[in-house]
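Chemist: Can you read through this structure? Questions will come right after.
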Amino acid sequence: MGSLEEETPTTSCSKPPGIRFVEHMKRSTISYRTYQAMVLILTFVAYASYHATRKTTSIVKSTLDTDVSTTLGSYPFSRIPFFRLKSSNDSRRVGGGWAPFDGTDGSAMLADLDLAFLLCYSFGMYFAGHLGDRIDLRIFLTVGMVGTGIFTSLFGLGYWLNIHHFSYFLIVQMLAGLFQSTGWPSVVAVVGNWFGKRKRGLIMGIWNAHTSVGNISGSLIASAMLQYGWGWSFAVPGMLIVFLGFVLFMLLPVSPESMGSEDEEEEDSPKKNNEGVIEPLLEQETVVIKDSAIGFFEAWKIPGVAPFALCLFFSKLVAYTFLYWLPFYLTRTAIDGKYVSDDTAGNLSTMFDVGGVLGGILAGHISDRLNARAITAATFMYCAIPALFLYRSYGHISLSVNIILMFITGMLVNGPYALITTAVSADLGTHSSLNGNSRALATVTAIIDGTGSVGAALGPLLTGYISATSWNDVFIMLMIAAMIAGLLLTRLLVAEVSEKIEIARSRSRPASPRIEV
């Protein structure tokens, strides 16, 4: 391993102001375990706030564009009885809204906003990972959170300033996307600095609940604020993330080295061994031999990065279509012959994220027990295909059926998404082919999630245009994407299965007799 101590001196001056103050009051240093707990809590709250601001747009969509006419269309699936919305009234009154989104092309314009946000997010992600491995992650996260809060609030400011120019909302969303890109590679890198591979899937599966918690809290806050004007649905989450950004600046311990802390009992520490993902994911290949920040193209050469990044492209396409369009879809779907209101749809959509919490924990735990990330992720994606079909087919029957199917769909869709963006990214960022290099986590995480975010941009965009004609076709697109996501892991899956078979055979072979001399 390279001379990490030379690159990151363990001096107290690098400690955050809040930690220095606490240690001064205690007249003793903070323990390693306490630092770990602080990291989990602070990064959890930080990224939950990122997602809370990201969720607001989906809640406000049906208020900006109140054209809720529903068209089944003359498409093959619309002729199948269980694939049709069974309602005596398949349309609702057109009226209200907010210019320029209140016209006939309102859905397409909202889809363009999603595209602009997510393209800037994915584009910024690649640079964010590159920067995150080179500068102080605490400062980097603070700037990202404050910037995200400012531009989220500026979108809502359009309500009070009576702005109706599409270009204003477009520019604000693009800049918000750039600042949002700082979050994910940074928090994963910080967590990866403090936790080794043992039980990483379970720990990060639980920790990754911040995504769903952020979506849920963002939905509830935005829905509650709608009664006061849709501007508040953006302003409140925006102000909240700015406040949390300053809290993070005061307290976040980036790495054990920067805190001068070392866990003598932790054999699985990422800095104490040259850990990597299990062999089936990889072929041994030396990418770097020194402890310097890894290059963008070097990171792509790490075995397992490319297939998981491409898998996440299609996995996030499905997940983000639900993130941005589920409340909108619910207001346009007759459930038991009735349509739900905007705020009810926002609250109801949280069940998808509740299912996502369980899915992330299950995927992490199962992958730890099996020691097989690819098998777990691919299985979840294949199971998501019938879940999507059933939700579209039977979700209209009753509210309870809709909630149950939405919960199951969220569990299966978000499970592999959570696993790949957390445990898999951290595994690959500390892969054995890096020869112990500790400065690749943010770059690898950014490559995987940045590639996934391109799919996240494509899904909502296509949905905005396709849904104007048929929601059936939207769900067909999502099922195809889920299938491709699973197929992209076939090579890794086969390697993992082969390894499991070889291990089982080696255990069943009788031990060779020992010859005493």
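The values are calculated or read from the model by the stated rules, or taken from the named source; none is laboratory data. Model, not experiment: these values are computed from the prediction. In this analysis, Cβ positions are derived from the backbone assuming ideal geometry, glycine residues included, and neighbour counts consider all displayed protein chains. Ligands, DNA and RNA are excluded from the accessible area calculation, which covers all protein heavy atoms including side chains. Shrake-Rupley method; radii C 1.70, N 1.55, O 1.52, S 1.80 Å.
Chemist: With the condition kept exactly as written, say whether any residue in the range 166-175 is without any contact (Cβ under 8 Å) to a residue 60 or more places away in the chain, open to solvent by less than 30 Å² (accessible area, probe 1.4 Å) and either of a type in the set (Gly, Ala, Ser) or more than 30 Å from residue 37 (Cβ to Cβ) (or both).
Modeler: From the range 166-175, those without any contact (Cβ under 8 Å) to a residue 60 or more places away in the chain are 167-172, 174-175; that's our starting set.
Pick out the ones that are also open to solvent by less than 30 Å² (accessible area, probe 1.4 Å) and you get 169, 172.
The next check asks that each one be either of a type in the set (Gly, Ala, Ser) or more than 30 Å from residue 37 (Cβ to Cβ) (or both); those that pass are 169, 172.
Within the range 166-175, one or more residues are without any contact (Cβ under 8 Å) to a residue 60 or more places away in the chain, open to solvent by less than 30 Å² (accessible area, probe 1.4 Å) and either of a type in the set (Gly, Ala, Ser) or more than 30 Å from residue 37 (Cβ to Cβ) (or both).
Chemist: Right, residue 170: over 20 Å from the mean Cα position of the chain (by Cα), closer than 15 Å to residue 113 by Cβ and not small (Gly, Ala, Ser) or not?
Modeler: Considered against the rule, which asks whether it is over 20 Å from the mean Cα position of the chain (by Cα), closer than 15 Å to residue 113 by Cβ and not small (Gly, Ala, Ser), residue 170 comes out as yes.
Chemist: Conditions first: (1) free of Cβ contacts under 8 Å to residues at least 24 places away in the same chain; (2) in contact with a Leu (Cβ under 6 Å, 6 or more places away or on another chain); (3) of a type in the set (Phe, Trp, Tyr). Residue 101 passes all but one, so which condition is the exception?
Modeler: Among (1) free of Cβ contacts under 8 Å to residues at least 24 places away in the same chain; (2) in contact with a Leu (Cβ under 6 Å, 6 or more places away or on another chain); (3) of a type in the set (Phe, Trp, Tyr), the lone unmet condition for residue 101 is (1).
Chemist: Can you tell me which residue is farthest from residue 160 (Cα to Cα) among those in the range 235-264 that are open to solvent by less than 20 Å² (accessible area, probe 1.4 Å) and touching a Leu at 6+ places or on another chain (Cβ under 9 Å)?
Modeler: For the range 235-264, the residue satisfying everything is 255.
Chemist: Can I ask one more? Collect the residues in the range 401-424 that are of a type in the set (A, V, I, L, M, F, W, C) and buried (at least 24 other Cβ atoms within 10 Å of the Cβ), keeping them in residue-number order. Give the derivation first.
Modeler: First, the residues of the range 401-424 that are of a type in the set (A, V, I, L, M, F, W, C): 401, 403-408, 411-413, 418-420, 423-424.
Hits for the range 401-424 are 406, 411, 412, 413, 418, 419, 420, 423, 424.
Chemist: Still on this structure: Where in the range 316-417 are there helices (runs of 4 or more DSSP H), lying fully within it, with 2 or more residues that are within 16 Å of residue 55 (Cα to Cα) and of a type in the set (A, V, I, L, M, F, W, C)?
Modeler: Per the criteria, 342-348, 350-370.
Chemist: Still on this structure, I have one more. For residue 151, are the conditions met, namely being under 12 Å from residue 98 (Cβ atoms) and in contact (Cβ under 8 Å) with a residue 12 or more places away in the chain?
Modeler: Answer is no for this residue.
Chemist: Go through (1) under 20 Å from the mean Cα position of the chain (by Cα); (2) farther than 15 Å from residue 60 by Cα; (3) modelled with pLDDT under 85 one by one and return the number of the condition residue 362 breaks.
Modeler: (3)
Chemist: Among the residues of the range 431-448, what is the count of those that are at pLDDT below 70 and either closer than 20 Å to residue 489 by Cα or assigned to a helix (DSSP H, G or I) (or both)?
Modeler: Matching residues across the range 431-448 total 6.
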